[in-house]
1. Give me the residue from segment 73-98 that is among the aliphatic types (A, V, I, L, M) and open to solvent by less than 20 Å² (accessible area, probe 1.4 Å) and, out of that set, nearest to Ile167 (Cα to Cα).
2. List the number of the failed condition for Leu101; all other conditions in (1) surrounded by fewer than 23 Cβ atoms within 10 Å (Cβ to Cβ); (2) closer than 16 Å to Thr48 by Cβ hold.
3. Of the residues that sit in segment 23-42 and are small (Gly, Ala, Ser) and under 16 Å from Ile177 (Cα atoms), which one is surrounded by the most Cβ atoms within 10 Å (Cβ to Cβ)?
4. Of the residues that sit in segment 207-223 and are of a type outside the set (Val, Ile, Thr), in contact with a Ser or Thr (Cβ under 8 Å, 6 or more places away or on another chain) and open to solvent by 50 Å² or more (accessible area, probe 1.4 Å), which one is farthest from Asp155 (Cα to Cα)?
5. Is it true that some residue in segment 57-64 is open to solvent by 30 Å² or more (accessible area, probe 1.4 Å) and closer than 22 Å to Glu139 by Cβ?
6. Which condition does Pro232 not pass, out of (1) assigned to a helix (DSSP H, G or I); (2) at pLDDT below 95, if it passes all the others?
7. Considering segment 60-82 alone, what residues qualify as being β-branched (Val, Ile, Thr) and in contact (Cβ under 8 Å) with a residue 40 or more places away in the chain?
8. Kindly establish whether Gly57 is small (Gly, Ala, Ser) and at pLDDT below 95.
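The values are calculated or read from the model by the stated rules, or taken from the named source; none is laboratory data. This structure is a prediction, so every number in the text was calculated from the model and none was measured. Reconstructed Cβ throughout: ideal geometry from the backbone, glycine too, with neighbour counts over all protein chains shown. Surface areas here come from the heavy atoms of the whole protein model, side chains and all, with no ligands, DNA or RNA. Shrake-Rupley method; radii C 1.70, N 1.55, O 1.52, S 1.80 Å.
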Amino acid sequence: MSLTKRCTAEFIGTFWLVLGGCGSAVLAAAFPQVGIGLLGVSLAFGLTVLTMAFAIGHISGCHLNPAVTVGLVTGKRFPVSELIPYVVAQVVGGIAGAGVLYIIASGKAGFSLSSGFAANGYGANSPGGYTLTAALTAETVLTFMFLIVILGSTDKRAPKGLAPIAIGLCLTLIHLISIPVTNTSVNPARSTSQAIFVGGWAIKQLWLFWVAPIVGAAIAGAAYAWLGAGEPEATTTEKTTEVKVAAAAA
């Protein structure tokens, strides 16, 4: 598959992640009487990754996130030479998704970007008023765990065909934990897309939502490269079966 096609898939996938995930937060989270709330928004983000993993996983790997691409590079699963093209495609796709969301959201009387537009923040801009230290810790550790799940579930030795489910549910869980802290990023492309429209404080605080996810992902990639290295030793049952097969063949 050519790099152009793979980057196009990343653009589409990240577009969907932002439109679906952030769209649920902006349009449906507090909709009168039938709002989906924190649980619904968390599930929406997980579903965007789950659906795209099945749709484009076989084309681009379905990273949808610069931090994921960095983690796959440090985990020796992805060539560093293709890192920048993937990141550019993801960021542009995210911005496009936010643009469509803005057009839809601004079609309602009384809409204002001052409500946050699902942007990520800390301190006064944290949904729960959490500090910079809390936000930095949450984003770094949760991205680390996200990459461990991604790398583990896509390992050749893992059960086949179940990785999208594990990854989608992991992202749902991450949002359940950290929406009150930062509105949940773990994805620099997602954070950038919303910050560009909100401007001001969102742009000033954007650095954290690049640094923390990338650091967490890079550490996770290196950690899993060590943790998952080598073939697992055969169990006693497997060894017994091998002996029986060998004996029968003899």
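1. Keep residues of segment 73-98 that are among the aliphatic types (A, V, I, L, M), which gives 73, 80, 83-84, 87-89, 91-92, 95-96, 98.
The next check asks that each one be open to solvent by less than 20 Å² (accessible area, probe 1.4 Å); those that pass are 89, 98.
Working: Ala89: 21, Ala98: 23 Å.
For segment 73-98, the residue satisfying everything is Ala89.
2. (1)
3. To start, the set of residues in segment 23-42 that are small (Gly, Ala, Ser) comprises 23-25, 28-30, 35, 37, 40, 42.
Next, from what is left, pick out any that are under 16 Å from Ile177 (Cα atoms): 25, 37, 40, 42.
Numbers: Ala25: 26, Gly37: 12, Gly40: 15, Ser42: 24.
Filtering segment 23-42 for residues that are small (Gly, Ala, Ser) and under 16 Å from Ile177 (Cα atoms), the one surrounded by the most Cβ atoms within 10 Å (Cβ to Cβ) comes out as Ala25.
4. Among them, the one singled out is Trp210.
5. Within segment 57-64, not a single residue is open to solvent by 30 Å² or more (accessible area, probe 1.4 Å) and closer than 22 Å to Glu139 by Cβ.
6. It is condition (1) that Pro232 fails.
7. Hits for segment 60-82 are Val68, Val70, Val73, Thr74.
8. Details: small (Gly, Ala, Ser): yes; at pLDDT below 95: no.
Judged against the criteria, Gly57 is not a match.
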